[in-house]
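What follows is a short report on a single structure.
Just so it is clear, none of the values below were taken in a lab; they were calculated from the coordinates. Source: prediction; values computed, not measured. Virtual Cβ from ideal backbone geometry, glycine too; neighbours counted across all protein chains shown.
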Amino acid sequence: MKNPVYMLSDSVVTPLGNTIEENMDKLYAKTSAIRPYSHAQMGTLFHSQFSETDTFPTKKDSGAYTKIERLFIYSIEQAVAKLSSTIDQKNVLFVFASTKGNIEYLADPDFDPERLRIGIMADYVARYFNNPNKPVVVSNACISGLQAIQYACQILQHKKYSHVIVSGADCVSEFVLSGFYSFQALSPFPCTPFDKRRAGVSLGEGCGTVILSSQPESDTNIEIRAAVSSNDANHLSGPSRTGEGLVSAIKAVIKEADIQPSEIDVISAHGTATIYNDEMEALAFQTIGVSAAPVYSVKGNIGHTLGAAGIVETIYLANSMHLNKIIPSAGFSETGTSVVLNVVREAVPQKLTIGLKTASGFGGGNAAIILKKQK
Amino acid sequence: MTYSITRFCRIRRDSVQADSVRIKTNTTEDLQKVEFSELYKHVSMEYPKYFKMDAVSKYGIIAAEHLLRGIDLKAKYTETEIGIVLSNASGSLDTDAEFQKTIQNKVNFFPSPAIFVYTLSNIVMGEICIKHKIKGENMFFLSETIQSELLEGFVSDLFNKNSIRCAVVGWVEYSFGKPDVLLLLVENTEQKNINQIEFTSNQIESLYEL
């Protein structure tokens with residue numbers, strides 16, 4: 001990127017915890033928030049869900065907002081509060097990522113159908129903050145979160161905004177659960193990415209917010225060196241067998257970041273724990289020549305948070321780089337891909353300078369981001 | 001740098017004949033009945049998968065066929081040099097409602113995988129990518145109305161940083177039975193000629209008004 005973009009502040013709200021510190025502690029301890037839930041028609045399903053008593057205490061009254069809207073507001077408030085400088089909303093752009101927004105209200109006759117449109121939902125959230133700028137909404141399936149960051153990085157090149165607040169969220173709903181159930185893609189136990197006995201995905205809910213700027217607040221702010229996407233152009237709901245699309249995204253992001261593959265210290269993979277996804281990623285990492293790098297997936301901890309995943313997982317990666325400690329891949333015990341990867345079994349203290357985050361999704365999209373620690 | 005709109009396709013419900021859609025391209029204009037089989041026959045395409053698609057994907061595929069018919073992009077660009085940036089207002093809500101019907105009745109609970117696969121905003125983009133082997137940058141935005149500055153800005157940035165050399169850009173909306181589609185082919189043409197349209201937000205809006 002011509003003008004470097006820095007991660008000034010962040011927030012992650014998941015069933016693991018409402019602060020990034022709680023989330024990191026639990027990731028290092030390999031704690032999983034995935035629990036069994038019983039459904040009258042689908043039987044026992046495993047996913048990561050907030051408890052009903054979790055109300056997300058926002059600063060102003062947010063009683064008129066839906067669960068996902070409150071989740072966005074709560075997370076954004078936390079990220080803003082952690083900034084060391086004050087921001088002027090007129091110089092701030094909101095970029096949202098979500099795949100399904102308020103979908104849980106689809107069958108609710110009392111719900112304003114306009115708010116089922118994610119663009120309108122985004123306006124509601126931006127209005128809470130009295131932000132005068134039209135929010136940008138990215139909805140590109142499971143790569144939405146990484147692409148919202150990509151959009152933010154590109155718009156920051158123009159110096160039109162001082163800060164971009166990137167926030168991604170999705171909630172577990174009967175709608176999405178039943179869809180994955182119909183695909184027979186749900187794991188009958190908490191998902192185990194890259195493991196031999198993996199048997200599908202576990203869904204999850206949560207929100208991640210990162211505040212980006214081309215002006216760092218401190219020399220410890222992590223830089224987003226590059227962000228790109230690609231498309232498999234192969235199949236809507238299955239990854240390419242060869243990993244060709246992911247390979248092209250990783251090659252492009254390495255080139256844009258102006259680094260060598262050997263410089264990558266750690267990879268935060270997509271790792272959904274479906275047979276085909278994890279196998280495809282392993283092949284892609286081998287093709288790029290990074291299969292020896294430590295790699296992990298957090299899907300075993302928080303499930304697949306869909307539109308939030310790219311943002312939540314980029315924030316986890318950045319925080320692990322601050323702490324110089326690699327996140328272990330919860331649920332992994334035995335290699336289950338044809339290419340042997342260096343899947344992280346226990347938290348590893350190690351100096352981390354460059355991290356790669358990847359994602360792949362329905363519709364054939366792949367995305368990749370390179371983070372670099374300055375100091 | 002500015003880039004050129006070398007082709008376009010606009011599809012919208014006709015204002016007079018409610019059962020017809022108007023399809024305009026840079027060279028043609030047609031009024032056709034809304035039946036999906038008619039639209040399919042008219043582009044003379046051999047693509048049986050079309051009949052499995054949801055409505056927004058069908059319109060996206062038809063528009064992309066009109067847009068790209070008769071040109072060989074692969075002769076000029078590699079697959080990863082071609083990008084696609086689309087947007088709409090309703091995401092996949094029309095199909096979401098269809099899927100909801102399959103889980104609404106608790107006695108007759110049969111979630112349909114064939115419908116569920118279409119319940120994401122970007123699936124129409126995925127279908128166009130598969131049909132035309134578009135493998136470069138791909139992005140899907142949601143907004144209430146077409147955001148011409150957003151599209152122009154993001155796509156121009158991708159061209160400027162040499163991520164892509166060609167792009168399919170536009171708006172693919174379908175709700176309450178009404179299609180509203182504008183697809184543009186954007187290229188970096190060295191030699192300008194008078195038929196070319198500059199890729200600017202104003203031109204995107206003018207073409208949308210057609």
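A few points about this structure:
- Residues A:202, B:87, ranked from the fewest to the most other C-beta atoms within 10 Å, line up as B:87, A:202.
- Tilt relative to chain B, helix B:93-104 - C-alpha long axis, 0 to 90 degrees, to 10: 20
- Total formal charge among the other residues, if their Cβ is under 9 angstrom from that of residue B:22, Lys/Arg +1 and Asp/Glu -1: +1
- Evaluated at q = 0.06, 0.09, 0.10, 0.15 Å⁻¹, a Debye calculation over the C-alpha positions of chain A (equal weights, vacuum) places log10 I(q)/I(0) at -0.19, -0.44, -0.55, -1.35.
- Order of A:244, A:21 - criterion: other Cβ atoms within 10 Å of each residue's Cβ, fewest first: A:21, A:244
- Each of A:203, B:95, A:257 was scored by the projection of its Cα onto the charge dipole of the protein assembly as shown, and the greatest displacement toward the positive side belongs to A:257; charges sit on the C-beta of Lys, Arg, Asp and Glu.
- Cβ-Cβ FRET estimate between residue A:220 and residue A:31, R0 fixed at 45 Å, reported to 0.05: 0.95
- Exposure proxy ranking, count of Cβ atoms within 10 Å, fewest first, for B:8, A:175, B:110: B:110, A:175, B:8
- Between A:220, A:64, A:44, the Cα set farthest toward the positive side of the dipole of chain A (charges on each charged residue's Cβ, about the Cα centre) is that of A:220.
- Ignoring aspartates and glutamates fewer than eight residues from residue B:52 along the same chain, the ones with Cα atoms less than 12 angstrom from its Cα are B:127.
- Listed residue pairs exceeding 19 Å between alpha carbons, taken from B:24/B:135; A:251/A:372; A:59/A:159; A:67/B:106: B:24/B:135; A:59/A:159; A:67/B:106
- Charging the Cβ of each Asp and Glu at -1 and of each Lys and Arg at +1, and nothing else, the dipole of the protein assembly as shown about its Cα centre rounds to 800 debye.
- Local net charge near residue B:34, Cβ-Cβ under 12 Å (Lys/Arg +1, Asp/Glu -1): +2
- The string of couplings for segment B:141-152 from the Karplus curve (6.51, -1.76, 1.60, θ = phi - 60°) is 9, 10, 7, 4, 10, 4, 9, 5, 5, 4, 5, 4 Hz, one whole number per residue in order, with x for Gly and Pro.
- Taking a straight line from the alpha carbon of residue A:30, these aspartates and glutamates sit under 20 Å away, with near neighbours fewer than eight places off in the same chain left out: A:21, A:22, A:195, A:205, A:278, A:313, A:334, A:346.
- Ellipticity estimate at 222 nm from DSSP helix runs (n ≥ 4, -39,500 (n - 2.57)) divided over the protein assembly as shown, nearest 500: -9000 deg cm²/dmol
- Antiparallel bridges, percent of DSSP beta bridges restricted to the protein assembly as shown (to nearest 5): 70
- Applying the Karplus relation 6.51 cos²θ - 1.76 cosθ + 1.60 with θ = phi - 60° to segment A:76-92 yields 3J(HN,Hα) values of 5, 4, 5, 5, 5, 5, 7, 5, 8, 9, 8, 10, 9, 3, 6, 9, 10 Hz, where x marks Gly and Pro.
- Within chain B, longest stretch free of exposed trypsin sites (Lys or Arg not before Pro) [DSSP loop, at most 12 other beta carbons within 10 Å]: B:1-105
- Cα gyration tensor shape for segment B:37-92, rounded if a/c is under 1.5, else prolate or oblate: oblate
- Top positive-direction residue, dipole computed over chain A with Cβ charges, set A:285, A:365, A:29: A:285
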